[in-house]
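I have placed the structure first, in the form of C-alpha cells, so that the comments after it can refer back to it.
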Amino acid sequence: MILNKDYSRRGFMAFLGAGTASLAGCASTASGPDQTIITYRDGVSFNGPEPVMAGSADVAQMYGTVEDGGFIVPAVPYQKINPRYYRQRVVDPTGERPGTIVVDTPSRFLYLVEPGGSAMRYGVGIGREGFAWSGEGVIQWRQKWPKWTPPDEMVARQPELVKYSSKNGGMPPGLTNPLGARALYIFQNGQDTLYRLHGSPEWNSIGKAVSSGCVRLMNQDIIDLYDRVPEKARVLVWQ
C-alpha cells in the first residue's frame, strides 16, 4: 500500500522566510494528540495502529538502553507508544529523490527517502498550532549532544529560562536537554530557520503537537537518523 501523494501534499505551504525566533525554543507544552485518517491509493483507510514489520524483540532492541557520547540514554517504554510510530522501513510514499527528508506533519511521520523505492519512517512530535513551520530547506549543520539556547522571545514568555539564555551560555548537553542526543539544523537560502529536527527525552510526545516549532524524535530514533542522513540533505516539511 502506498500513501496517496495528493493527501501528503495537501496544504503544502509556500516557502517561508527565516521564521520567527520563537521556533528555536523546541520546548514542550501540554497538548492532546490529533487523530489522523490516512487513505491509500487502493482505497483502504485506517485511523488506528499499523502492523509493525519488526518482531517485538527487534523493537525492544531498537528502543533499549543506549550508551552514547558519555551518556546512558534510558530505554523507551515502547509498549506505551502507538506501534505506527515505531521506526520501520516502508515503501516510499513521497516520490522524492533519495537522501531527502520529508516531514509529513498531518500524519506525524518523518521519512528519509532511500534508493530503490523505500524509506525509513520515524514517528515524530511536531510544533503546536501557532508554532509550526513548513517549507523547504537544507540540513546545513548537525550536532551530537547539542547545547540548547532558548531565544529571547521564549525567555520573555518564560522568565524561568533566563539561566539558559544566550548571554548565560545556554543549557549544557545532557539527558534533560530539550534537543536530546542529536540536532539537525534547517537552513533556507543560507539563513537559519531556527527550526530543528532533534531528539527528545519525552517519548510520550511522539505523535502529538507539543513543541515550540521543531520536529522531535525519540533519542534512539534521532541517533539512527543522524547516522543515515547525507550531508546537506534536502528537507521538505508538509503542512
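List of remarks:
- Taking each residue of the range 163-180 that is farther than 19 Å from His198 by Cα and in a loop (DSSP other than H, G, I, E, B) and looking for partners that are basic (Lys, Arg) and modelled with pLDDT of 85 or more with beta-carbon atoms closer than 9 Å, six or more apart or interchain, yields Gly169/Lys147.
- Taking the criterion of being of a type in the set (S, T, N, Q), surrounded by fewer than 22 Cβ atoms within 10 Å (Cβ to Cβ) and touching a residue at least 40 places away in the same chain (Cβ under 8 Å), the residues of the range 71-117 that qualify are Asn82, Thr94, Thr100.
- In the range 118-149, the residues that are farther than 15 Å from Arg196 by Cα and at pLDDT below 95: Glu129, Gly130
- Count - residues of the range 174-227 that are farther than 15 Å from Val66 by Cβ and not hydrophobic (A, V, I, L, M, F, W, C): 22
- Any chance Ile223 is at pLDDT 95 or above and touching a Leu at 6+ places or on another chain (Cβ under 8 Å): no
- Strands (runs of 3 or more DSSP E) within the range 189-233 that include 2 or more residues more than 12 Å from the chain's Cα centre (by Cα): 191-200
The values are calculated or read from the model by the stated rules, or taken from the named source; none is laboratory data. Keep in mind it's a predicted model, so treat the numbers as computed, not measured. Cβ: placed from backbone, ideal geometry, glycine included. Neighbour counts: every protein chain shown.
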